[in-house]
Amino acid sequence: MALPVVNASRYSTILPSTGQEIEYRPYLVKEEKIMMVALESKDQKAIMRAMKDVAQACVFTDINVDSLTSFDLEWIFLKLRTKSVGENTRVRLKCEDEECNKNTEIDVNLDDISLSEIIENKVIKLTDDIGVVMRYPQINMLEEHDEETLKTPDGAFEMVIDCLETIYDEENVYQVIDETRESVKGFIENLNSRQFGMIIDWLKDIPSLEKDIEWNCVACNKENSVKLRGLQSFFT
Ligand SMILES: [Zn+2]
C-alpha cells in the first residue's frame, strides 16, 4: 500500500540569469545530507555536483541544470534551504583584532541575503570596431575550472574562451560556438594586456550571494564588519 507523502509543498522563484519563473519543492533530509557533506569537503567540484543533483531533484520546471550559471544555482540553493530548514543560519566569524582573533557566532537571516548586481552590459569594446560579447560561465564550465582558475594565466585563458558568446568587427558577428577553439585562441592571443584585462575584470564581477555583516566580538567587544560572499561563506 502506498504510504502518505509527508512533504508536498510547492513554491516558486525567479531564475536570476534569465528571469524565468521556476517551481520547486523544499529539499528533504536525504538531499540536505548530500549538500552538507559536499560543503564541508570544501571541494569546489563536489559542491557544484551536489548543487546540481539537488536542484535537479527539487525543481519541477523543466530546466537544463548544466546550462545554469553559478549564481542561479546559489540562488536556488538559498531558496531550497530557507523553505526546508528555516530562515536562519549560524556563521562563525573571526575577530579582526590580531591580538584577539576569537570567533563569534552570528545568526544570519537568509531572507536578507541578496545577489550582487547582474551586469547587464555584456559587450566589451576592444577597439573602435572590434569587440566581444560575454556570457556568464555555466555550471558545467565551473566544474572544469575551479575558483583558482582565474589566477593562473593558462586557466584564465581557457575560461575567457569559454565565456565568449560572440566576436564582432565592422562587418560581421562571429558566433564563437561556430569557430574552432584554435582560432578563438588565436584571437585572444592577439589582444594586448589592457584588452585582455578588460575581459578578466568583467569575469571577476560574476554575481554571487552576498551580505554585509557587522558584529561585536564576544571576547573583546571590538566592532567588526565583513562582506560574506558566495554560498560557502554562509553554510560552513
Ligand atoms: Zn575580538
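Inspect all residues belonging to region 36-48 and state whether any of them is within 18 Å of E21 (Cα to Cα) and among the β-branched types (V, I, T). No, region 36-48 contains no residue that is within 18 Å of E21 (Cα to Cα) and among the β-branched types (V, I, T). I'm checking my understanding of the structure. Among residues of region 106-118 that are in a strand (DSSP E or B) and touching a residue at least 24 places away in the same chain (Cβ under 8 Å), which one is farthest from the ligand (Cβ to nearest atom)? In this case the residue turns out to be L115. Hey, does region 127-134 have a residue that's in contact with a Leu (Cβ under 9 Å, 6 or more places away or on another chain) and either within 21 Å of K42 (Cβ to Cβ) or not in a strand (DSSP E or B) (or both)? No, because not a single residue in region 127-134 is in contact with a Leu (Cβ under 9 Å, 6 or more places away or on another chain) and either within 21 Å of K42 (Cβ to Cβ) or not in a strand (DSSP E or B) (or both).
Look at (1) farther than 28 Å from M159 by Cα; (2) surrounded by 13 or more Cβ atoms within 10 Å (Cβ to Cβ); (3) of a type outside the set (G, A, S) and you find that R49 fails only one, number (1). Restricting attention to region 34-87, the residues being at pLDDT 90 or above, hydroxyl-bearing (S, T, Y) and assigned to a helix (DSSP H, G or I) number 1. Only one of the listed residues (K211, K151, K204, K222) is within 16 Å of the ligand (Cβ to nearest atom) and among the basic types (K, R). That residue is K222.
Go through region 88-101 and count every residue that is more than 27 Å from the chain's Cα centre (by Cα), surrounded by 14 or more Cβ atoms within 10 Å (Cβ to Cβ) and within 24 Å of L39 (Cβ to Cβ). Residues flagged as more than 27 Å from the chain's Cα centre (by Cα), surrounded by 14 or more Cβ atoms within 10 Å (Cβ to Cβ) and within 24 Å of L39 (Cβ to Cβ) within region 88-101 amount to 0.
Only one of (1) at pLDDT 95 or above; (2) in contact with a helix residue (DSSP H, G or I) (Cβ under 9 Å, 6 or more places away or on another chain) is not met by V160, so which one is it? Here V160 meets the rest and fails (1). Please go through region 73-93 and give me each residue that is without any contact (Cβ under 8 Å) to a residue 60 or more places away in the chain and either within 16 Å of the ligand (Cβ to nearest atom) or in contact with a Ser or Thr (Cβ under 6 Å, 6 or more places away or on another chain) (or both), ordered by number. Listed by number, the list holds a single entry, R92. Evaluate region 111-122: report whether one residue or more is farther than 29 Å from I47 by Cβ and at pLDDT 90 or above. Within region 111-122, none of the residues are farther than 29 Å from I47 by Cβ and at pLDDT 90 or above. The single condition among (1) free of Cβ contacts under 8 Å to residues at least 60 places away in the same chain; (2) more than 28 Å from R49 (Cα to Cα); (3) among the charged types (D, E, K, R); (4) touching a strand residue (DSSP E or B) at 6+ places or on another chain (Cβ under 7 Å) that E96 does not satisfy is (1). A residue that is polar (S, T, N, Q), under 30 Å from L39 (Cβ atoms) and touching a strand residue (DSSP E or B) at 6+ places or on another chain (Cβ under 9 Å) occurs nowhere in region 194-204.
Inspection of region 24-45 identifies no residue that is touching a Lys or Arg at 6+ places or on another chain (Cβ under 8 Å), surrounded by fewer than 20 Cβ atoms within 10 Å (Cβ to Cβ) and aromatic (F, W, Y). When I76 is tested against (1) surrounded by 13 or more Cβ atoms within 10 Å (Cβ to Cβ); (2) out of contact with any helix residue (DSSP H, G or I) (no Cβ under 7 Å at 6 or more places or on another chain), exactly one condition is not met: (2).
The values are calculated or read from the model by the stated rules, or taken from the named source; none is laboratory data. Given the structure is predicted, the values throughout are model-derived calculations rather than measurements. Glycine also receives a Cβ, built like all others from the backbone with ideal geometry; neighbour counts cover every protein chain displayed.
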